[in-house]
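Okay, structure first, notes after.
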Amino acid sequence: NIEPLQVVRYRPGEEYKPHFDFGGNCDFLENLGIGRRHVTMLVYLNDVVGQSGEDGGGDTIFPELKLYVTPRAGTALVFNDCLDDGAADPRTLHGGTPPTA
């Protein structure tokens, strides 16, 4: 069971505000029936200068972890939205910072 693929393109100044992907709960068996996300996979199609570059922007940010992931074409980022006990993982709050170019 998989939800429909989402493709997002950010233009300069646009962003994806920090959010969670786990929906209402993290119960794996229940989620199978209703299609809520338990694991997130982000696939990057383009290189982005990112936070550590001169221009900045375009990163995937995890505010709770103070972590910036700079996209590189052909790479992917996978994370479990839920803890082993079935609780939502607050560390998975993530968003996309505005690209500058």
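Quick rundown of the values:
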read-out: Virtual spin-label span in nm between THR100 and VAL43, 7 Å along Cα→Cβ; value: 3.0
read-out: Ranked by how many other beta carbons lie within 10 Å on average, peptides 78-90, 7-19, 59-71 from highest; value: 59-71, 78-90, 7-19
read-out: Extension gain from LYS66 to ARG9, taking 0.36 nm per residue of separation minus the Cα-Cα distance; value: 18.2 nm
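All of the numbers you see were taken from the coordinates with simple rules; none came from a lab. Here the structure is a predicted model, which means the values were calculated and not measured. Note: ideal-geometry Cβ built from the backbone for every residue, glycine included; neighbour counts use all protein chains shown.
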